[in-house]
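All remarks here apply to the structure that follows.
The values are calculated or read from the model by the stated rules, or taken from the named source; none is laboratory data. Source: prediction; values computed, not measured. Every residue, glycine as well, gets a Cβ built from its backbone with ideal geometry; the counts of neighbours run over all protein chains shown. Remember, those area values only see protein heavy atoms, side chains included, never the ligands or the DNA or RNA. Shrake-Rupley method; radii C 1.70, N 1.55, O 1.52, S 1.80 Å.
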Amino acid sequence: MNLKLKVFIFMALIAIPSIFLGKKVFRYFTFNELPKINVLGVEENKVYKDKINYEIQAISDYKIAQVKASLNNTKLEPTSFSKIGENVYQSHFEIDTKNLANEKYLLEISAQDSSFAKNKATSFMNIFVDNTPLSTALVKSEFKSEQGKTVKIELNSNKKLAQATANIFSKQFNFAQQSDNSTNYVCFIPIDCEEEVKTHLLAVDVIDLPGNNSKLVGNIEVLAAQFPKQVGFSVSQEKLMEEKQKGNPDHFLAETLVKAIAESPKEKLWKTAFDLPMNVQKITTPFGERRQTPQKGKYLHKAIDLINFPRSTVWASNDGKVIVKDRFFMSGNTIVLDHGCGIFTLYYHLDSFASDISVGDFVKKGNPIGRLGKTGYSSGYHLHWEMRINNVAVDPLQWVENKF
Ligand SMILES: [Zn+2]
(Lines give C-alpha, C1' and ligand atoms only; values in the text may rest on other atoms or scores of the structure.)
Protein backbone atom coordinates (compact mmCIF):
# COMPACT_ATOMS: atom_id res chain seq x y z
CA MET A 1 0.00 0.00 0.00
CA ASN A 2 1.41 3.30 -0.90
CA LEU A 3 1.58 6.17 1.48
CA LYS A 4 -1.19 8.17 -0.21
CA LEU A 5 -3.64 5.36 0.21
CA LYS A 6 -2.66 4.88 3.87
CA VAL A 7 -3.21 8.57 4.54
CA PHE A 8 -6.56 8.45 2.78
CA ILE A 9 -7.80 5.49 4.87
CA PHE A 10 -6.52 7.14 8.03
CA MET A 11 -8.33 10.38 7.19
CA ALA A 12 -11.52 8.56 6.37
CA LEU A 13 -11.43 6.69 9.68
CA ILE A 14 -11.24 10.00 11.50
CA ALA A 15 -13.66 11.94 9.29
CA ILE A 16 -16.64 9.58 9.31
CA PRO A 17 -17.13 9.50 13.13
CA SER A 18 -16.18 13.17 13.29
CA ILE A 19 -19.06 14.15 11.03
CA PHE A 20 -21.40 12.13 13.21
CA LEU A 21 -19.81 13.40 16.44
CA GLY A 22 -19.64 16.92 15.11
CA LYS A 23 -23.38 17.06 14.79
CA LYS A 24 -23.77 15.93 18.40
CA VAL A 25 -21.13 18.36 19.62
CA PHE A 26 -22.71 21.17 17.64
CA ARG A 27 -26.10 20.39 19.17
CA TYR A 28 -24.56 20.17 22.66
CA PHE A 29 -23.11 23.67 22.31
CA THR A 30 -26.04 25.32 20.53
CA PHE A 31 -29.21 23.82 22.09
CA ASN A 32 -31.08 26.70 23.74
CA GLU A 33 -34.72 25.70 24.29
CA LEU A 34 -36.17 25.76 27.77
CA PRO A 35 -37.73 22.53 29.03
CA LYS A 36 -41.50 22.58 29.54
CA ILE A 37 -42.85 21.65 32.96
CA ASN A 38 -46.17 19.92 33.64
CA VAL A 39 -47.27 19.32 37.22
CA LEU A 40 -49.86 16.60 37.82
CA GLY A 41 -51.64 16.12 41.14
CA VAL A 42 -51.09 19.52 42.71
CA GLU A 43 -52.87 22.76 41.83
CA GLU A 44 -52.27 26.45 42.45
CA ASN A 45 -54.00 27.81 45.60
CA LYS A 46 -55.50 24.46 46.57
CA VAL A 47 -55.68 23.32 50.18
CA TYR A 48 -54.09 19.97 51.09
CA LYS A 49 -54.04 17.59 54.03
CA ASP A 50 -52.15 14.35 54.81
CA LYS A 51 -49.91 13.32 51.91
CA ILE A 52 -49.59 15.11 48.60
CA ASN A 53 -48.45 12.87 45.77
CA TYR A 54 -47.59 14.58 42.53
CA GLU A 55 -45.65 14.09 39.33
CA ILE A 56 -43.47 16.58 37.55
CA GLN A 57 -43.08 16.06 33.83
CA ALA A 58 -40.19 17.76 32.07
CA ILE A 59 -40.48 17.89 28.29
CA SER A 60 -37.45 18.74 26.19
CA ASP A 61 -35.80 17.77 22.92
CA TYR A 62 -32.54 17.55 24.85
CA LYS A 63 -31.87 15.01 27.60
CA ILE A 64 -33.11 16.24 30.98
CA ALA A 65 -30.38 16.17 33.60
CA GLN A 66 -32.46 16.87 36.68
CA VAL A 67 -35.87 17.81 38.02
CA LYS A 68 -35.91 19.62 41.34
CA ALA A 69 -38.59 20.69 43.76
CA SER A 70 -38.57 22.62 47.00
CA LEU A 71 -41.17 23.78 49.48
CA ASN A 72 -40.42 27.16 51.08
CA ASN A 73 -36.77 26.64 50.00
CA THR A 74 -36.52 23.20 51.65
CA LYS A 75 -35.39 20.64 49.09
CA LEU A 76 -37.79 17.79 48.31
CA GLU A 77 -36.35 14.43 47.24
CA PRO A 78 -37.99 12.72 44.26
CA THR A 79 -38.98 9.09 44.85
CA SER A 80 -38.39 8.27 41.18
CA PHE A 81 -37.05 9.74 37.95
CA SER A 82 -37.59 8.11 34.60
CA LYS A 83 -37.96 8.69 30.89
CA ILE A 84 -41.58 7.92 30.01
CA GLY A 85 -41.78 9.08 26.39
CA GLU A 86 -39.75 10.32 23.41
CA ASN A 87 -38.93 13.63 25.07
CA VAL A 88 -40.72 13.28 28.41
CA TYR A 89 -39.05 12.77 31.78
CA GLN A 90 -41.10 12.21 34.89
CA SER A 91 -40.34 12.53 38.60
CA HIS A 92 -42.59 11.49 41.43
CA PHE A 93 -42.64 13.46 44.67
CA GLU A 94 -44.46 13.05 47.95
CA ILE A 95 -44.99 15.69 50.62
CA ASP A 96 -46.13 14.58 54.05
CA THR A 97 -48.02 17.62 55.33
CA LYS A 98 -48.49 16.09 58.80
CA ASN A 99 -45.16 17.61 59.82
CA LEU A 100 -46.06 21.04 58.46
CA ALA A 101 -47.86 23.97 60.04
CA ASN A 102 -51.28 24.93 58.64
CA GLU A 103 -50.30 27.79 56.35
CA LYS A 104 -49.42 28.90 52.83
CA TYR A 105 -46.35 27.40 51.07
CA LEU A 106 -44.40 28.18 47.96
CA LEU A 107 -43.66 25.13 45.82
CA GLU A 108 -40.75 25.77 43.45
CA ILE A 109 -40.20 23.36 40.58
CA SER A 110 -37.35 23.34 38.08
CA ALA A 111 -36.14 21.18 35.22
CA GLN A 112 -32.70 21.44 33.63
CA ASP A 113 -31.32 19.82 30.51
CA SER A 114 -27.79 18.42 30.07
CA SER A 115 -26.69 20.67 27.21
CA PHE A 116 -23.75 23.10 27.50
CA ALA A 117 -26.17 25.97 28.31
CA LYS A 118 -27.90 23.87 31.02
CA ASN A 119 -31.28 25.33 29.96
CA LYS A 120 -33.44 25.55 33.02
CA ALA A 121 -37.15 26.25 33.46
CA THR A 122 -38.61 27.15 36.84
CA SER A 123 -42.21 27.43 37.93
CA PHE A 124 -43.78 28.51 41.21
CA MET A 125 -47.03 27.48 42.84
CA ASN A 126 -48.77 28.54 46.03
CA ILE A 127 -50.40 25.78 48.01
CA PHE A 128 -52.03 25.62 51.44
CA VAL A 129 -51.82 23.00 54.16
CA ASP A 130 -54.72 22.41 56.53
CA ASN A 131 -54.73 19.35 58.78
CA THR A 132 -57.31 20.69 61.22
CA PRO A 133 -60.27 18.30 61.50
CA LEU A 134 -63.59 19.71 60.26
CA SER A 135 -66.06 20.58 62.99
CA THR A 136 -69.58 21.76 62.10
CA ALA A 137 -72.96 22.03 63.77
CA LEU A 138 -76.43 23.31 62.91
CA VAL A 139 -77.37 26.26 65.13
CA LYS A 140 -80.86 24.77 65.23
CA SER A 141 -81.86 21.43 63.73
CA GLU A 142 -85.62 21.13 64.28
CA PHE A 143 -88.02 23.49 62.60
CA LYS A 144 -91.77 23.99 62.34
CA SER A 145 -93.06 26.04 59.48
CA GLU A 146 -96.19 26.67 57.48
CA GLN A 147 -96.62 25.97 53.78
CA GLY A 148 -95.50 28.97 51.71
CA LYS A 149 -92.88 30.13 54.21
CA THR A 150 -89.08 30.13 54.16
CA VAL A 151 -86.97 28.28 56.71
CA LYS A 152 -83.55 29.76 57.37
CA ILE A 153 -80.99 27.17 58.41
CA GLU A 154 -77.73 28.27 60.02
CA LEU A 155 -74.54 26.29 60.18
CA ASN A 156 -71.42 27.04 62.22
CA SER A 157 -68.07 25.72 61.10
CA ASN A 158 -64.54 25.96 62.51
CA LYS A 159 -63.23 26.90 59.07
CA LYS A 160 -64.10 28.03 55.56
CA LEU A 161 -66.08 25.43 53.58
CA ALA A 162 -65.83 24.28 50.00
CA GLN A 163 -69.53 23.42 49.91
CA ALA A 164 -72.54 22.76 52.12
CA THR A 165 -75.86 21.49 50.78
CA ALA A 166 -79.19 20.82 52.43
CA ASN A 167 -81.24 17.91 51.10
CA ILE A 168 -84.97 18.03 51.73
CA PHE A 169 -88.22 17.66 49.73
CA SER A 170 -86.13 15.60 47.22
CA LYS A 171 -84.28 18.79 46.31
CA GLN A 172 -80.87 20.31 47.05
CA PHE A 173 -80.20 23.80 48.39
CA ASN A 174 -76.78 25.40 48.77
CA PHE A 175 -75.54 27.15 51.88
CA ALA A 176 -73.88 30.55 51.45
CA GLN A 177 -71.51 32.45 53.71
CA GLN A 178 -73.43 34.69 56.11
CA SER A 179 -70.99 37.49 55.20
CA ASP A 180 -67.50 37.78 53.70
CA ASN A 181 -64.84 35.82 55.66
CA SER A 182 -67.50 34.38 57.95
CA THR A 183 -67.51 30.69 58.95
CA ASN A 184 -71.22 30.98 59.62
CA TYR A 185 -73.30 29.68 56.71
CA VAL A 186 -76.98 30.10 55.87
CA CYS A 187 -79.43 28.25 53.66
CA PHE A 188 -82.96 29.33 52.74
CA ILE A 189 -85.40 26.47 52.30
CA PRO A 190 -88.65 27.31 50.48
CA ILE A 191 -91.73 25.38 51.55
CA ASP A 192 -94.06 25.08 48.62
CA CYS A 193 -97.69 26.10 49.26
CA GLU A 194 -98.66 22.52 48.35
CA GLU A 195 -95.88 20.74 50.27
CA GLU A 196 -97.01 17.62 52.12
CA VAL A 197 -98.00 18.34 55.72
CA LYS A 198 -95.69 16.11 57.79
CA THR A 199 -92.19 16.05 59.32
CA HIS A 200 -89.58 16.00 56.57
CA LEU A 201 -86.02 14.81 57.12
CA LEU A 202 -83.27 17.35 56.56
CA ALA A 203 -79.78 16.06 55.64
CA VAL A 204 -76.89 18.49 55.36
CA ASP A 205 -73.64 17.53 53.59
CA VAL A 206 -70.61 19.63 54.40
CA ILE A 207 -67.18 19.51 52.78
CA ASP A 208 -64.17 21.69 53.62
CA LEU A 209 -61.37 22.85 51.33
CA PRO A 210 -58.95 19.91 51.94
CA GLY A 211 -61.88 17.49 51.44
CA ASN A 212 -63.05 16.49 54.93
CA ASN A 213 -66.75 15.54 55.07
CA SER A 214 -69.38 16.01 57.70
CA LYS A 215 -73.05 14.97 57.71
CA LEU A 216 -75.65 16.73 59.84
CA VAL A 217 -79.31 15.91 60.24
CA GLY A 218 -82.44 17.68 61.36
CA ASN A 219 -86.05 17.98 60.33
CA ILE A 220 -88.70 20.43 59.23
CA GLU A 221 -92.29 19.87 60.31
CA VAL A 222 -94.51 21.38 57.63
CA LEU A 223 -97.75 22.79 58.98
CA ALA A 224 -100.89 23.40 56.92
CA ALA A 225 -101.43 27.04 56.01
CA GLN A 226 -104.94 28.44 56.00
CA PHE A 227 -104.89 30.26 52.69
CA PRO A 228 -107.79 32.72 52.34
CA LYS A 229 -110.41 32.25 49.63
CA GLN A 230 -111.43 34.81 47.04
CA VAL A 231 -114.61 34.71 44.99
CA GLY A 232 -112.74 35.53 41.81
CA PHE A 233 -112.22 38.31 39.34
CA SER A 234 -112.08 38.49 35.60
CA VAL A 235 -110.32 40.40 32.91
CA SER A 236 -112.31 41.35 29.80
CA GLN A 237 -111.87 39.37 26.56
CA GLU A 238 -110.87 42.58 24.78
CA LYS A 239 -108.03 43.27 27.18
CA LEU A 240 -106.85 39.67 27.01
CA MET A 241 -106.70 39.80 23.19
CA GLU A 242 -104.73 43.03 23.35
CA GLU A 243 -102.28 41.67 25.95
CA LYS A 244 -101.74 38.49 23.95
CA GLN A 245 -100.65 40.59 20.99
CA LYS A 246 -98.32 42.80 23.00
CA GLY A 247 -96.69 40.23 25.26
CA ASN A 248 -94.41 37.25 24.66
CA PRO A 249 -95.80 33.78 25.44
CA ASP A 250 -95.56 33.04 29.18
CA HIS A 251 -93.48 29.91 28.72
CA PHE A 252 -90.59 32.17 27.65
CA LEU A 253 -90.52 33.64 31.17
CA ALA A 254 -90.80 30.21 32.82
CA GLU A 255 -87.95 28.84 30.73
CA THR A 256 -85.73 31.87 31.41
CA LEU A 257 -86.21 31.44 35.16
CA VAL A 258 -85.37 27.74 35.09
CA LYS A 259 -82.13 28.53 33.26
CA ALA A 260 -81.37 31.44 35.59
CA ILE A 261 -81.31 29.21 38.70
CA ALA A 262 -78.27 27.37 37.40
CA GLU A 263 -76.52 30.69 36.74
CA SER A 264 -77.48 32.34 40.05
CA PRO A 265 -74.41 33.36 42.12
CA LYS A 266 -73.71 30.97 45.01
CA GLU A 267 -73.39 33.90 47.41
CA LYS A 268 -75.86 36.39 48.86
CA LEU A 269 -75.88 39.56 46.78
CA TRP A 270 -77.82 41.39 49.50
CA LYS A 271 -76.50 42.68 52.82
CA THR A 272 -79.51 44.17 54.61
CA ALA A 273 -83.17 43.16 54.93
CA PHE A 274 -85.61 43.18 51.98
CA ASP A 275 -87.93 46.17 51.69
CA LEU A 276 -91.40 46.45 50.19
CA PRO A 277 -90.82 47.48 46.55
CA MET A 278 -93.08 50.58 46.66
CA ASN A 279 -95.08 52.85 48.92
CA VAL A 280 -98.08 50.69 49.73
CA GLN A 281 -101.60 52.01 50.17
CA LYS A 282 -102.98 48.54 50.64
CA ILE A 283 -102.20 44.87 50.12
CA THR A 284 -105.17 43.82 47.99
CA THR A 285 -104.33 40.14 47.63
CA PRO A 286 -102.57 38.28 50.44
CA PHE A 287 -100.09 35.49 49.84
CA GLY A 288 -101.60 32.13 48.88
CA GLU A 289 -105.13 33.32 48.16
CA ARG A 290 -107.29 30.58 46.62
CA ARG A 291 -108.61 31.81 43.32
CA GLN A 292 -110.82 30.67 40.53
CA THR A 293 -111.01 32.55 37.25
CA PRO A 294 -112.50 31.70 33.85
CA GLN A 295 -109.04 31.92 32.25
CA LYS A 296 -106.88 30.10 34.81
CA GLY A 297 -109.33 27.84 36.69
CA LYS A 298 -108.47 27.06 40.34
CA TYR A 299 -105.08 28.22 41.56
CA LEU A 300 -103.19 29.69 44.52
CA HIS A 301 -101.99 33.27 44.20
CA LYS A 302 -98.39 32.70 45.32
CA ALA A 303 -97.49 36.38 45.61
CA ILE A 304 -98.89 39.58 47.09
CA ASP A 305 -100.67 42.35 45.19
CA LEU A 306 -99.91 45.91 46.25
CA ILE A 307 -101.69 49.11 45.28
CA ASN A 308 -100.82 52.78 45.26
CA PHE A 309 -101.70 55.56 42.81
CA PRO A 310 -101.22 54.73 39.08
CA ARG A 311 -97.68 54.99 37.71
CA SER A 312 -96.09 55.49 41.14
CA THR A 313 -92.48 54.30 41.47
CA VAL A 314 -91.60 50.64 41.94
CA TRP A 315 -88.07 49.96 43.18
CA ALA A 316 -85.76 47.02 43.79
CA SER A 317 -86.64 45.36 47.09
CA ASN A 318 -82.96 44.53 47.59
CA ASP A 319 -79.57 44.43 45.84
CA GLY A 320 -79.57 42.11 42.86
CA LYS A 321 -79.01 41.52 39.17
CA VAL A 322 -81.63 42.24 36.52
CA ILE A 323 -82.31 38.93 34.75
CA VAL A 324 -85.62 39.71 33.03
CA LYS A 325 -86.93 42.99 31.57
CA ASP A 326 -89.60 42.12 29.05
CA ARG A 327 -93.33 41.99 28.34
CA PHE A 328 -95.32 38.77 28.65
CA PHE A 329 -98.97 37.93 28.08
CA MET A 330 -100.00 37.22 31.69
CA SER A 331 -97.41 39.15 33.74
CA GLY A 332 -97.30 42.19 31.41
CA ASN A 333 -94.19 44.37 31.74
CA THR A 334 -92.02 42.21 33.99
CA ILE A 335 -88.79 42.67 35.91
CA VAL A 336 -87.02 39.81 37.67
CA LEU A 337 -84.08 40.37 40.01
CA ASP A 338 -81.63 37.65 41.06
CA HIS A 339 -80.39 38.21 44.64
CA GLY A 340 -78.01 35.21 44.63
CA CYS A 341 -78.50 31.70 46.11
CA GLY A 342 -81.31 31.12 43.57
CA ILE A 343 -83.47 33.79 45.25
CA PHE A 344 -85.48 35.91 42.80
CA THR A 345 -88.00 38.72 43.21
CA LEU A 346 -90.54 39.25 40.40
CA TYR A 347 -92.39 42.48 39.59
CA TYR A 348 -95.46 42.16 37.31
CA HIS A 349 -97.89 44.43 35.44
CA LEU A 350 -95.56 47.48 35.31
CA ASP A 351 -96.77 50.45 33.29
CA SER A 352 -93.22 51.13 32.10
CA PHE A 353 -89.61 50.26 32.91
CA ALA A 354 -87.01 52.60 34.39
CA SER A 355 -85.06 53.74 31.32
CA ASP A 356 -81.62 53.24 32.89
CA ILE A 357 -81.83 49.53 33.68
CA SER A 358 -81.00 46.63 31.39
CA VAL A 359 -80.71 42.88 31.72
CA GLY A 360 -77.33 42.10 33.32
CA ASP A 361 -77.23 45.30 35.41
CA PHE A 362 -76.71 45.20 39.15
CA VAL A 363 -79.22 47.32 41.03
CA LYS A 364 -79.21 48.51 44.63
CA LYS A 365 -82.09 48.28 47.08
CA GLY A 366 -84.35 51.25 46.41
CA ASN A 367 -83.26 51.80 42.78
CA PRO A 368 -86.36 52.54 40.66
CA ILE A 369 -87.08 49.72 38.22
CA GLY A 370 -90.40 50.86 36.77
CA ARG A 371 -93.85 52.40 37.35
CA LEU A 372 -97.00 50.82 38.77
CA GLY A 373 -99.26 49.61 35.96
CA LYS A 374 -101.93 47.16 34.85
CA THR A 375 -100.28 45.45 31.86
CA GLY A 376 -100.92 41.74 31.39
CA TYR A 377 -103.59 39.74 33.20
CA SER A 378 -104.72 42.54 35.48
CA SER A 379 -108.03 44.22 36.16
CA GLY A 380 -106.57 47.38 37.70
CA TYR A 381 -103.39 49.24 38.66
CA HIS A 382 -101.34 47.08 41.06
CA LEU A 383 -97.98 45.42 41.55
CA HIS A 384 -97.87 41.65 41.75
CA TRP A 385 -94.76 41.06 43.88
CA GLU A 386 -93.46 37.54 44.01
CA MET A 387 -90.49 35.89 45.65
CA ARG A 388 -89.04 32.58 44.55
CA ILE A 389 -86.30 30.36 45.93
CA ASN A 390 -85.11 27.85 43.31
CA ASN A 391 -88.40 28.61 41.54
CA VAL A 392 -90.60 27.80 44.56
CA ALA A 393 -92.79 30.80 45.41
CA VAL A 394 -92.71 31.87 49.06
CA ASP A 395 -94.34 34.64 51.07
CA PRO A 396 -92.29 37.80 50.38
CA LEU A 397 -93.66 39.59 53.46
CA GLN A 398 -91.82 37.11 55.68
CA TRP A 399 -88.57 38.35 54.09
CA VAL A 400 -89.47 41.96 54.91
CA GLU A 401 -90.56 41.19 58.48
CA ASN A 402 -87.91 38.62 59.46
CA LYS A 403 -85.00 40.55 57.95
CA PHE A 404 -83.37 37.44 56.39
ZN1 LIG B 1 -101.01 39.10 41.76
TODO: Kindly check whether there is at least one residue in the stretch 250-273 that is part of a strand (DSSP E or B), in the same structural domain as F353 (by TED's automatic domain parsing), surrounded by fewer than 20 Cβ atoms within 10 Å (Cβ to Cβ) and more than 15 Å from the ligand (Cβ to nearest atom).
DONE: no
Task: Top-ranked residue in the stretch 329-348 [being open to solvent by 10 Å² or more (accessible area, probe 1.4 Å) and not in a loop (DSSP other than H, G, I, E, B); ranked as farthest from the ligand (Cβ to nearest atom)] - done: N333
TODO: Quick one: which residue in V394, V363, V400 is closer than 27 Å to S179 by Cβ, within 16 Å of the ligand (Cβ to nearest atom) and either open to solvent by 20 Å² or more (accessible area, probe 1.4 Å) or not hydroxyl-bearing (S, T, Y) (or both)?
DONE: V394
Open item on the list: Just checking, does the stretch 215-222 include any residue being closer than 24 Å to R291 by Cβ and open to solvent by less than 70 Å² (accessible area, probe 1.4 Å)?
Closed with: yes
Task: Any hit, the stretch 224-245, residues being within 30 Å of K49 (Cα to Cα) and either in a strand (DSSP E or B) or out of contact with any Cys (no Cβ under 9 Å at 6 or more places or on another chain) (or both) - done: no
Task: Sole residue being within 16 Å of the ligand (Cβ to nearest atom), loosely packed, with under 15 Cβ neighbours inside 10 Å and modelled with pLDDT under 95, chosen from Q295, Q245, Q237 - done: Q295
TODO: Would you mind telling me which numbered condition in (1) away from the ligand (no atom under 13 Å from the Cβ); (2) more than 19 Å from A254 (Cα to Cα) R388 fails?
DONE: (2)
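Residues are listed down the side, and each one gets a yes or a no for (1) in contact with a Leu (Cβ under 7 Å, 6 or more places away or on another chain); (2) farther than 25 Å from L71 by Cβ:
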{"position": "N99", "(1), (2)": "no, no"}
{"position": "S135", "(1), (2)": "no, yes"}
{"position": "A164", "(1), (2)": "yes, yes"}
{"position": "N167", "(1), (2)": "no, yes"}
{"position": "I191", "(1), (2)": "no, yes"}
{"position": "G211", "(1), (2)": "no, no"}
